[in-house]
1. At a Cα cut-off below 19 Å, give the lysines reachable from LYS62, other chains included and same-chain residues fewer than 8 away excluded.
2. Using a 10 Å cut-off on Cβ atoms, rank the peptides 41-48, 16-23 from the highest mean neighbour count down.
3. Excluding residues on the same chain fewer than 8 positions from LYS30, give the lysines whose Cα lies under 20 Å from its Cα.
4. Could you give the length gained by full extension between LYS37 and THR56, i.e. 0.36 nm per residue of separation minus their alpha carbon distance, to one decimal place?
Amino acid sequence: MDNNADENEFVAIDDRRYIILAIYDIVNDKRRSKMVKCLEGFGVRVQKSAFEAYLTKKSYEKLMNTASHIIDIKEDSLRVYLLASHTSVRSWGKGHDHVEDVIIF
């Protein structure tokens, strides 16, 4: 099995836009504030520790690079879900702006 398969599984493959969901659990207030500021630069907050964004490959890579340097992997958790091509997404939310229903081709 290719060791790089896991690393490349969630790489955006072209200039299309992708919907991402980022959720975190960060114990340190300073790191948590940095993560919020980082994620606000890319998307919208939909829950206290959850953000949605609609990103190009370049923006996605920048987000992943920046966010990965904020967390402490011994104490914190960060999950970024990339919804890949040919995915139909239904999103419903109340109270704040969020990514609308989108079909990615």
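What follows is calculated from the coordinates using simple rules that are stated; it is not laboratory data. Note that the coordinates shown come from a computational prediction; the quantities given were computed from them, not determined experimentally. Virtual Cβ from ideal backbone geometry, glycine too; neighbours counted across all protein chains shown.
1. Of all the lysines, those that pass the test against LYS62 - Cα under 19 Å, at least 8 places apart if same chain - are LYS34, LYS37.
2. Peptide ranking by packing, descending: 16-23, 41-48.
3. Reachable lysines: LYS48, LYS74.
4. 4.9 nm
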